[in-house]
Amino acid sequence: MKIAWKLILIIVLMAVPTVFAVYLFVVDTQDDIAKADLENVALEYLIDLRQFFQHVPQHRGTAAGVIGGDTTQRASLQRLAATVNNDLVTLAEIDAELGARLDTTERFEQLRNDWKDLEPRATSLSGPESFARHTTLIADTMALMRHIANTGKLVSDPDVDSSHLITAIVERIPDVAENMGVLRGLGNGIAARGVITLDEQIRLSELIARIRSGVVNIDINLRAAIDANPELEAELMQVLTDSTGGVESFLRLAETRILRAEVMTVPAADYFAAGTEAIDRFFVLYDASLTSTQRVLAERSSRLEFLRNLQLGLAIGLALVALGLAFFFQRGITRQIDAIGAFFGQVGIGNFEARADVTSTDELGDLATNLNATFDAIRDLLQTQEDKEKLQSSIQKLLIEVSDVADGDLTVEAEVTEEVTGAIADSFNYMIDQLRQIIYSVQDTTLQVSSAATEVQATTEHLAEGSEAQAEQIVNASSAVDELALSIQQVSENATTAATVAEQATVNAQQGTSSVGQTITGMNAIRQQVQETSKRIKRLGESSQEIGEIVGLIGDIADRTSILALNASIQAAMAGEAGRGFAVVAEEVERLAERSAEATKRISGLIKTIQSETSEAVAAMEETTREVVSGSGLANEAGQALAEIEAVSNRLAEIIGSISMSANQQARGSESVARAMNEISDVTQQTAAGTKQAAVSIRNLAEMADDLRGSVSTFKLPGRA
């Protein structure tokens, strides 16, 4: 397996536990989301079932009143029957949509069949039987509600707030509502008859006690939910107070006008209406609790979905990071390994000049660097050994070829090849050729020199005797002329130096005059500028004084405005309610006056500072003007002195120039004479010495020519062409 796959496998194996853990978290979160979604489904079913659960008890109580003899409630009974039928149509739709998930279809069909059997016989049955059939239908409805809560996981809700809410809407509120409905129905029948039995008294007492206990339990559940989730207080607290108050009012009515009444005077319809109003208030609490539960579950679903998406994002991010790291590390390692492999491939085919590309700074990069350094050293070693062997072979061959030259054999030649010694062999051949020509020439020349030297030797000995006497006389004359020329030369040099100094003095005097003139001009311009600046600063000081006067006027205006604002405030206070608006304006004017006064003080301070600094600047400018005027006078005096120096320097330069010219002419004349005498003396002496030396040299030359001819006779030369 390649390294890249090994790296990927290692990273994947390391990422698997993390991804698996995230997967477990996501699955667990998804289960929670599914539970919350199922709870929302159950709540939707309960919302529609709540209408049926409210209207069937109303139908029961109304039927009890009609059976008891209150025929005025028959129309209400018919309207309630139609309402219950409409509720069943709505339930059929919601059951068709959600029944399969909640397993409610069979129970719902049983409820619908029971209602269809009861509806036409509601008033034809006896009072207890009709009441019992209605109660059984309501009990089945409550059983369906509990079944929905169990199947929809409402009863196992994990959160404190939603758990208490669900307990209230699934168990507490339906129980209290049913007991109130029974109390309403029984009381309605009793009021219609006008007589209550002992059993009915006991039953009503039990119902009232159970209702009060149920209300207390509902209050406990809802307050616990509010404590766990304070946001529920705004949604439930007022509704809870209104509902419990309405229930207590109805219970007092049942106790005073039905249970403990000596003579029943309450109309059955009024009693039923009071009970219906109290139950309707209670169902308002039921609806509010359902709505709050839906909101809490929706928020939890959103929170769980966000958590799930976050976990999925983390899982995907971890996977992408793992893949990215795998690709990054794999790319970095395999690139360097591929580079090293390619390098060894080149070395394998004999290319020792190849080098590995260094693409990383890790251990593999260090390895590639070390390999390159190693093969650099190996290449140098290989090249040195080969070159050494080739050079030794070439040198040995060259030595064999040229060894005869040491014995004087100039007929040999070295073989010129492309090896290192090829250039040496070529140079050696050229040297042998030149040496042959020299030997030929030496042999010829020595013969000629030997014969001519004998003839010249006699002539030079005679010339040497006459040139010695002439040289003595010329040397004496040359010494006298040299002394005269040296004196004249010194005079000329001094005159030239004096002329140069005079010219430089003249130039310096002219430059000084020009500089002083420019200085005078600049000082005059400075004086004018300083005077102009002084005038402007004075005008600036006068303007600052005018500004100070204006600032003082503004300060007076601010003071008068402040007084005016105070008077306006007094007038506004005297005007009472009608002057409140004017008082606000007065306060604004007062604040404006205070700000104006403050600004005026700040401006006044700045003006005083400017005036002080202006006065100091005027004084300084006047002092500068006086200094400039004094400097201008001194510059004028310096200019006059330099003009006089310039005139004297010009005259002195003319005189020294004339002297220097005459001295130069004399020096040139004496130098010419001295040179001529020296040249004559040198030539004479050289001639005498040369004549003597020539005689000796010619004698030596003749001897050397004989010796040279003898020495070159040992060389072996090829025949001349």
Can you tell me which residue is nearest to the chain's Cα centre (by Cα) among those in the stretch 207-233 that are basic (Lys, Arg) and under 30 Å from residue 193 (Cα atoms)? 212
Those residues of the stretch 278-310 which are of a type in the set (Gly, Ala, Ser) and under 24 Å from residue 156 (Cβ atoms) amount to 288, 289, 292, 298, 301, 302
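Within the stretch 284-313, how many residues turn out to be among the aromatic types (Phe, Trp, Tyr) and surrounded by fewer than 19 Cβ atoms within 10 Å (Cβ to Cβ)?
Taking the stretch 284-313 and keeping what is among the aromatic types (Phe, Trp, Tyr), we get 286, 306.
Still in the running and surrounded by fewer than 19 Cβ atoms within 10 Å (Cβ to Cβ): 306.
Total meeting the criteria: 1.
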Complete set of residues in the stretch 69-94 that are in contact (Cβ under 8 Å) with a residue 60 or more places away in the chain and surrounded by fewer than 18 Cβ atoms within 10 Å (Cβ to Cβ): 69, 72
For the condition of a type in the set (Asp, Glu) and on the phi > 0 side of the Ramachandran plot, what is the one hit in 103, 117? 103
Condition (residue is in contact with a Phe, Trp or Tyr (Cβ under 6 Å, 6 or more places away or on another chain), open to solvent by less than 50 Å² (accessible area, probe 1.4 Å) and closer than 30 Å to residue 71 by Cβ) applied to the stretch 138-147: is it met by at least one residue? yes
Residues satisfying the stated conditions in the stretch 263-319, i.e. touching a residue at least 12 places away in the same chain (Cβ under 8 Å), of a type in the set (Val, Ile, Thr) and not in a helix (DSSP H, G or I): 266
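Return the only residue of 205, 162, 213, 130 being open to solvent by 30 Å² or more (accessible area, probe 1.4 Å), touching a residue at least 12 places away in the same chain (Cβ under 8 Å) and part of a helix (DSSP H, G or I). Quick ask: steps written out before the conclusion?
Details: 162 fails: open to solvent by 30 Å² or more (accessible area, probe 1.4 Å); 213 fails: touching a residue at least 12 places away in the same chain (Cβ under 8 Å); 130 fails: open to solvent by 30 Å² or more (accessible area, probe 1.4 Å).
Answer to the check: 205.
Determine whether residue 112 is in a helix (DSSP H, G or I) and out of contact with any Lys or Arg (no Cβ under 9 Å at 6 or more places or on another chain).
Values: in a helix (DSSP H, G or I): yes; out of contact with any Lys or Arg (no Cβ under 9 Å at 6 or more places or on another chain): yes.
Criteria met by residue 112.
Among the residues of the stretch 234-246 satisfying the criterion of being over 60 Å from the mean Cα position of the chain (by Cα) and closer than 16 Å to residue 287 by Cβ, which is most open to solvent (accessible area, probe 1.4 Å)? It would help to see each step written out before you state the result.
Within the stretch 234-246, the first condition is being over 60 Å from the mean Cα position of the chain (by Cα), and the residues that meet it are 242-246.
Next, only the ones that are closer than 16 Å to residue 287 by Cβ stay: 242-244, 246.
Working: 242: 73, 243: 1, 244: 38, 246: 8 Å².
Checked the stretch 234-246; the qualifying residue most open to solvent (accessible area, probe 1.4 Å) is 242.
Would you confirm, using the coordinates I've provided, whether residue 552 is touching a helix residue (DSSP H, G or I) at 6+ places or on another chain (Cβ under 8 Å), in a helix (DSSP H, G or I) and either open to solvent by less than 40 Å² (accessible area, probe 1.4 Å) or modelled with pLDDT of 70 or more (or both)?
Numbers: touching a helix residue (DSSP H, G or I) at 6+ places or on another chain (Cβ under 8 Å): yes; in a helix (DSSP H, G or I): yes; either open to solvent by less than 40 Å² (accessible area, probe 1.4 Å) or modelled with pLDDT of 70 or more (or both): yes.
Against the criterion (touching a helix residue (DSSP H, G or I) at 6+ places or on another chain (Cβ under 8 Å), in a helix (DSSP H, G or I) and either open to solvent by less than 40 Å² (accessible area, probe 1.4 Å) or modelled with pLDDT of 70 or more (or both)), residue 552 qualifies.
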The number of residues in the stretch 83-104 that are of a type in the set (Asp, Glu) and outside any helix (DSSP H, G or I) is 1
Within the stretch 250-257, is there a residue that is open to solvent by 40 Å² or more (accessible area, probe 1.4 Å) and outside any helix (DSSP H, G or I)? no
Verdict on residue 226 being β-branched (Val, Ile, Thr), farther than 27 Å from residue 191 by Cβ and either buried (at least 16 other Cβ atoms within 10 Å of the Cβ) or at pLDDT 90 or above (or both): yes
With criteria (1) in contact with a Phe, Trp or Tyr (Cβ under 7 Å, 6 or more places away or on another chain); (2) under 18 Å from residue 58 (Cβ atoms), residue 94 comes up short on (2)
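Is it true that residue 205 is over 24 Å from residue 167 (Cβ atoms) and small (Gly, Ala, Ser)?
Details: over 24 Å from residue 167 (Cβ atoms): yes; small (Gly, Ala, Ser): yes.
Judged against the criteria, residue 205 is a match.
Please enumerate the residues belonging to the stretch 95-127 that are of a type in the set (Phe, Trp, Tyr) and either surrounded by fewer than 19 Cβ atoms within 10 Å (Cβ to Cβ) or in contact (Cβ under 8 Å) with a residue 40 or more places away in the chain (or both).
From the stretch 95-127, those of a type in the set (Phe, Trp, Tyr) are 108, 115; that's our starting set.
115, the sole residue that qualifies.
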Please specify each residue of the stretch 314-339 satisfying the condition of being at pLDDT 75 or above and open to solvent by less than 70 Å² (accessible area, probe 1.4 Å). 317, 339
Filtering the stretch 349-366 down to residues that are in a helix (DSSP H, G or I) and open to solvent by less than 80 Å² (accessible area, probe 1.4 Å), which residue is modelled with the lowest pLDDT? 364
Taking the stated definitions as given, is residue 62 modelled with pLDDT of 80 or more, over 29 Å from residue 166 (Cα atoms) and more than 41 Å from the chain's Cα centre (by Cα)? yes
Suppose the filter is surrounded by 22 or more Cβ atoms within 10 Å (Cβ to Cβ) and in contact with a His (Cβ under 9 Å, 6 or more places away or on another chain); does residue 189 pass it? no
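The values are calculated or read from the model by the stated rules, or taken from the named source; none is laboratory data. Being a predicted model, the structure only gives us computed values, none of them experimental. Every residue, glycine among them, receives a Cβ derived from its backbone with ideal geometry; neighbour counts consider all protein chains shown. Surface areas here come from the heavy atoms of the whole protein model, side chains and all, with no ligands, DNA or RNA. Shrake-Rupley method; radii C 1.70, N 1.55, O 1.52, S 1.80 Å.
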